[in-house]
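Below: one structure, written as structure tokens.
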Amino acid sequence: MGNVPILSICDLSLVKRILITDFHVFNDRSKRIVSNGAFVIQAIWGEVDFDASRSILSPAHTGSKLRQIYPTVDTRLQALDTHLSALMGTDRAVVDVARLWRAFTCDVYPACGLSLDTRPYDAPENTLAAHVRRFVQIDIRKDLVSLALPPFAAKWPKISDYRVMAYLIEMYREYLIKRRRGNMSKRKYLDFLELTTGNMGEHDLGNYADKVSDGDTSMPVNTNMIDHVAAISKPVYTDTELLALSFAFSTGGITSTACALTACVYELALNPAIQSRLYREIVGTDNDMSYEACERLPYLDAVVSETLRLHTPNVRLLRIASADYDLGDTGITIPAGQHIEIPLYAIHHSAEYYSEPYTFNPDRFMPENASTLVPYAYLPFGA
């Protein structure tokens, strides 16, 4: 990766050690290529304590929380269906599926994360939707340039994205203050931010709200993701931490989800028999697409899993050793600061773990074939 040496690890027993057993040694992500979301946190707000941030985000993504959020997803799906029906009713015979899924994910993530309606199907494009789309847009040219720059340059502002970031930061600031003051028509929120933080009235937005009313829009620098107050049973979030949560919940996963959905539709188009079988399973629910009904669709789950295997969202996982580490019984000692990678794409396409690895075959992931799957050979999102 540029002039930084990387140790590539493919042995699954070692992969388990790094990602599970000794995760505490390898919880540091490489900062050589920084996404816009990570850039906002790292370059503008300072370094983030990973364990602390995980303690915030993980409880928001349990099955019970997802079940509460699902009605919002269903509403966004209905909006997509209405938009798609309108497109098919016009003279346009071709639909840009990739663009359609990008619009959908730019709709559903802000809605589930912050109860924001981006209205991505508007023409002309809604301002908020346009900024969210540009914020998560991948620019391979800048990523390649970053490889040739020294590590400290990764924290330089991305000039072409500055206005987008500034717009979103200011919009989130104002929105969070309104939620804190209860000025949003006294509405009840059901989103990941609310499920994570609870009543925002208990959190530290009041001081910043007063600053804004006085014309001071500066943000305090906070190097911790979460402050635990001994006298309070649950954490109190600062202005910066709530902003970080807003970015995480409203933009995290937009691109990877859109890419996965696009790849899934592509494979279904190439494999009409699989498409028909999936259609029959879904129709068999009598159009019941509730959260509980989706859990009873094993072939749908298998199709999605096979899509993520064949079209891996992350080509590789990058980690940095935080301390000297003896790599199993290989006789290799990984020094602190050493970059390592786990080549997910190579593992997912290895004939050692999957027969005919380049063939789209959802049956691999059907319940009756679970015993044939090799542990840690399927890591679309890490472990």
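Read-outs: derived from the displayed coordinates by stated rules, not from any lab. Quick caveat, the model's predicted, so the values are computed rather than measured. Cβ atoms come from the backbone with ideal geometry, glycine included; neighbour counts cover every protein chain shown.
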ask   = Quick one: length gained pulling E170 to S355 fully straight, 0.36 nm per residue minus the C-alpha distance?
value = 61.5 nm
remark   = Note, A351: beta-carbon cut-off 14 Å, +1 each Lys/Arg, -1 each Asp/Glu, net 0
note = In whole angstrom, largest first, the equivalent ellipsoid semi-axes that the Cα gyration tensor gives for the stretch 264-383 are 36, 15, 13
request  = Grab the Cα-Cα distance for L190 and D288, subtract it from 0.36 nm times how many residues apart they are, and report the gain in nm with one decimal.
outcome  = 33.1 nm
note = The answer for L317, listing residues at least 5 apart or on another chain whose modeled amide H is closer than 5 Å to its amide H, is I342, L344
